[in-house]
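Here is the structure we will look at, set down as structure tokens.
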Amino acid sequence: KIQVVASMTDVCVIRSALVRDAAAISALCRRVAEACIVQDFTDAGRKHLIETVLGQSAIEEELESDDVEMLVIESAVNFRGVLARRLDPLTGTLSHIRHFYVDNVGQGLGRRLWQGGPLPRL
């Protein structure tokens, strides 16, 4: 399912992420994490999040997994946000949110991504 949404500056598309998107998803997550999350982390904690959790190979593994659903919101130029959730493999129900990163906050893109994609509302 693909959904078109407009931000204040351009038109974006919400769609399911593909394995080939891993590098761009990783770059977005790392950029947002560096700007907003890791300032108070220890060096080891920062390295773990940026390299291990948000690295391209980790994102690829999640995209190849049957128990992770991931959406991206993209503009004509780049990805603007990502939402990934892990499902319980036994029940298929939500286990936890794995990633929720949005670039350029304040434009409603995160809300649209949360509410408007193929993932059910929580």
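Could you please give the count of residues in segment 91-103 that are more than 10 Å from ASP67 (Cα to Cα) and not in a strand (DSSP E or B)?
Within segment 91-103, residues that are more than 10 Å from ASP67 (Cα to Cα) and not in a strand (DSSP E or B) number 2.
Only residues in segment 10-27 that are of a type outside the set (A, V, I, L, M) count as the first member; pair them with residues that are part of a helix (DSSP H, G or I) and surrounded by 11 or more Cβ atoms within 10 Å (Cβ to Cβ), Cβ under 6 angstrom, at least 6 apart or cross-chain, and list the lot.
Short answer, once both residue conditions are applied: SER26/GLN56; SER26/ILE59.
Just checking, how many residues over segment 92-113 are open to solvent by 80 Å² or more (accessible area, probe 1.4 Å) and at pLDDT 80 or above?
Qualifying residue count, segment 92-113: 4.
For segment 43-56, state whether one or more residues are open to solvent by less than 30 Å² (accessible area, probe 1.4 Å), among the polar types (S, T, N, Q) and farther than 14 Å from ARG31 by Cβ.
No, segment 43-56 contains no residue that is open to solvent by less than 30 Å² (accessible area, probe 1.4 Å), among the polar types (S, T, N, Q) and farther than 14 Å from ARG31 by Cβ.
In segment 59-74, which residues are under 23 Å from CYS12 (Cα atoms) and open to solvent by less than 40 Å² (accessible area, probe 1.4 Å)?
Those that are under 23 Å from CYS12 (Cα atoms) and open to solvent by less than 40 Å² (accessible area, probe 1.4 Å): ILE59, LEU63, VAL68, MET70, LEU71, VAL72, ILE73.
If I go through segment 35-62 residue by residue, how many of them are closer than 19 Å to ASP103 by Cβ, under 13 Å from the mean Cα position of the chain (by Cα) and either in contact (Cβ under 8 Å) with a residue 40 or more places away in the chain or in a loop (DSSP other than H, G, I, E, B) (or both)?
2
The values are calculated or read from the model by the stated rules, or taken from the named source; none is laboratory data. Everything numeric in this text was worked out from a predicted model, so none of it was measured. Note that each Cβ is placed from the backbone with ideal geometry, even for glycine, and that neighbours are counted across all protein chains shown. Calculation scope for accessible area: heavy atoms of the full protein, side chains included, ligands and nucleic acids excluded. Shrake-Rupley method; radii C 1.70, N 1.55, O 1.52, S 1.80 Å.
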